[in-house]
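A short write-up of the structure that comes next.
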Amino acid sequence: MTAAAEASAAATGHRFTRHGHESPLTVFTVDDRPELGHILVFGRPADGCLVRIHSRCLYGEALDSQDCDCGPELRKSLDLIQEAGDGVLVYLEQEGRGAGLIAKALGYREAERTGTDTFTAYRNLGYPEDARSYAHAAAGLRKLGLTRVRLLTNNPDKVAALRAADIAVTPEPLYTPPLSERAAAYLEAKRRHRGHWIPASEPVQVPARGADRTPEQQAAGTLR
């Protein structure tokens with residue numbers, strides 16, 4: 001951990017309680033820029049710990065939307081980190097796949113009007129399908145001293161960003177049952193447009209081994 005990170009840890013460290021379980025929690029800004037997001041460090045993670053890189057989704061997290069998998073993925077990731085005892089959540093301010101909340105609303109409206117998915121709707125509106133970046137998240141993990149992580153994700157872009165920063169990554173696909181037909185269609189669109197790994201059933205989580213497993217193998221051969 002860098003000197004700046006240690007100073008922040010000393011300043012922000014406190015106890016955090018969730019589902020009756022208490023753990024130490026330290027909060028950092030991403031790249032010293034709060035507008036990019038924050039890094040939440042649970043317990044005392046070391047190399048090989050669980051990491052979730054997550055972009056803000058007001059609909060799925062605060063409004064309990066059943067149209068996406070964002071809320072379930074965040075809750076599942078926190079459950080797994082809590083069960084492990086240590087881990088890191090990188091929470092990025094990248095609402096609407098990096099285009100913002102208004103773009104997200106416009107995308108939903110366009111998708112409803114045309115009968116397309118939101119990736120196609122974004123393109124129709126002149127937005128990129130996905131404008132998010134994970135380079136700052138990778139840099140933040142390096143500042144924590146992490147060089148090897150188990151990344152809770154179905155998104156190959158996150159894996160690529162960490163590996164580009166010389167962080168060894170074992171992807172751990174997340175299974176969250178779709179909350180609606182619309183959510184199921186969104187998962188399929190993510191697979192089709194962005195190459196996401198979408199497990200069709202609960203993957204086998206192997207804490208100590210798995211660096212050589214592909215995401216497909218980790219999903220026990222049950223990807224959609």
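Considering (1) closer than 21 Å to LEU179 by Cβ; (2) surrounded by fewer than 20 Cβ atoms within 10 Å (Cβ to Cβ), the lone condition that GLY48 does not fulfil carries the number (1). In this structure, GLU83 does not qualify as more than 21 Å from ARG192 (Cβ to Cβ), acidic (Asp, Glu) and open to solvent by less than 50 Å² (accessible area, probe 1.4 Å).
Check whether at least one residue in the range 51-61 is over 30 Å from ASP117 (Cβ atoms), open to solvent by 60 Å² or more (accessible area, probe 1.4 Å), at pLDDT 90 or above and in a loop (DSSP other than H, G, I, E, B), and report yes or no. Among the residues of the range 51-61, not one is over 30 Å from ASP117 (Cβ atoms), open to solvent by 60 Å² or more (accessible area, probe 1.4 Å), at pLDDT 90 or above and in a loop (DSSP other than H, G, I, E, B), which makes the answer no. Within the range 138-178, being in contact with a Pro (Cβ under 9 Å, 6 or more places away or on another chain), open to solvent by 10 Å² or more (accessible area, probe 1.4 Å) and more than 28 Å from GLY60 (Cα to Cα) holds for one residue alone: LEU144.
Every residue, every condition in (1) touching a residue at least 24 places away in the same chain (Cβ under 8 Å); (2) more than 21 Å from ARG97 (Cβ to Cβ); (3) in contact with a helix residue (DSSP H, G or I) (Cβ under 7 Å, 6 or more places away or on another chain), yes or no:
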{"residue": "ARG132", "(1), (2), (3)": "yes, no, no"}
{"residue": "LYS143", "(1), (2), (3)": "yes, yes, yes"}
{"residue": "ARG150", "(1), (2), (3)": "yes, yes, no"}
{"residue": "LEU162", "(1), (2), (3)": "yes, no, yes"}
{"residue": "PRO178", "(1), (2), (3)": "yes, no, yes"}
{"residue": "LEU187", "(1), (2), (3)": "yes, no, no"}
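What helices (runs of 4 or more DSSP H) lie completely within the range 99-196 and have 2 or more residues being modelled with pLDDT under 95 and in contact with a Cys (Cβ under 8 Å, 6 or more places away or on another chain)? Give the derivation first.
Values: elements: 101-114, 118-125, 135-143, 156-164, 181-194.
Result: 181-194.
The values are calculated or read from the model by the stated rules, or taken from the named source; none is laboratory data. For clarity, every value in this text was computed on a predicted model and none was experimentally measured. All Cβ positions, glycine included, derive from the backbone under ideal geometry; neighbour counts span all protein chains shown. In case anyone asks, the SASA skips ligands and DNA or RNA and just uses the protein heavy atoms, side chains included. Shrake-Rupley method; radii C 1.70, N 1.55, O 1.52, S 1.80 Å.
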